[in-house]
Amino acid sequence: MSDIDIPSLPPELEWDIPELAPLARTATLLLNVPDTPGEPTPADSSIGGPLLWPADEPWPYCDLPNHDAAWPHKSPPDHPVPTVAAVQLYAHDVPELPFPEGTDVLQIIWCALLHEEPDEYAPLPRMYWRNAERVRAAGVLDDVPAPAEGEYDEDFVPTPRRVRPTKAREYPNQDLPREITDAIWPRVEALEARHDTYYTEWCALQTKVGGYPAWCQPPNWPDCEKSHRMEHLLSVTGEEDMMMGDCGGMYFFVCPECTTGTEMPYAFRYDCH
Ligand SMILES: [Zn+2]
Ligand SMILES: [Zn+2]
């Protein structure tokens, strides 16, 4: 069986629309694992699952003063609020991540309230690269604080789930160059009609590593401080239980070139419908 797996990709796609061939990328979809019993553990790659967090490192709180109130509360909390686990990925599951030397776990947490700043009305994430063996040897934090009512917006609290990394060939959606779009669109529509599908089905607009950002708004690629165009690391998109503002997404970018030690510059973007 091939490791390229999007069932809805028409086999003649690149034959009919050769302009798309050089734009194809391989993404790693972080598919749900529906049949595995039990919640994810710190040993699992997961979305929203418990993290392998060092016991001697305090769980991060967000102390920004400019929170938006979580619906249906009328005023935002006037104290720091605990962040929530968003993503954990192990190198043995997703080896294509650009792990800084000596690290094998990627973790992303975020404050699940909206912030007026620094990015307009978005959750506020932080990214960590760790060495799993070192964390295990020193002890894992098992008493992780959870935000209380009014300290989180449920639209941004991921339902814990293990992930099944699955490679897929995909094509750009918002990143499709304008000059190509006009030329290929009649052929795209013919293919859509023949296969009873939509072009966006070929773009993997879902939670994934690599490939194109799954944005639903026009592209907004960040540069690092040294003006390098950053690389798309991963996208986390809205799901049934985590709507992210009507199924928007959080998109993470890194500049591997500017890595020092285990610190890699990162940036994020958020959008919604
Ligand atoms: Zn916050
Ligand atoms: Zn850079």
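Numbers at a glance
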item	result
Karplus (6.51, -1.76, 1.60) ³J(HN,Hα), θ = phi - 60°, over the range 243-259, in Hz, Gly and Pro reported as x	7, 6, x, 6, 6, x, x, 10, 10, 10, 10, 9, 10, x, 4, 9, 5
Hits among lysines - C-alpha to C-alpha of LYS74 under 26 Å, sequence gap 8 or more where chains match	none
Selection from PRO18, CYS62, TRP129, by position along the positive dipole direction of the range 13-271 (Cβ)	PRO18
Nearest-ten-degree value, helix 178-195 long axis tilted from longest Cα axis of the chain	80 degrees
Backbone HN-Hα couplings from phi across the range 62-74 [Karplus 6.51/-1.76/1.60, Hz, Gly and Pro as x]	9, 10, 5, x, 9, 5, 8, 5, 7, 4, x, 6, 8
Column: log10 I(q)/I(0), Debye, Cα scatterers of the chain, q = 0.17 Å⁻¹	-1.44
Viscosity 0.890 mPa s, temperature 25 °C, Stokes-Einstein D of the range 48-207 from Kirkwood C-alpha radius, µm²/s	130 µm²/s
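Where a number appears in this text, it was derived from the coordinates with a stated rule and is not lab data. Nothing here was measured: the structure is a model prediction, and the numbers come from that model. Cβ atoms come from the backbone with ideal geometry, glycine included; neighbour counts cover every protein chain shown.
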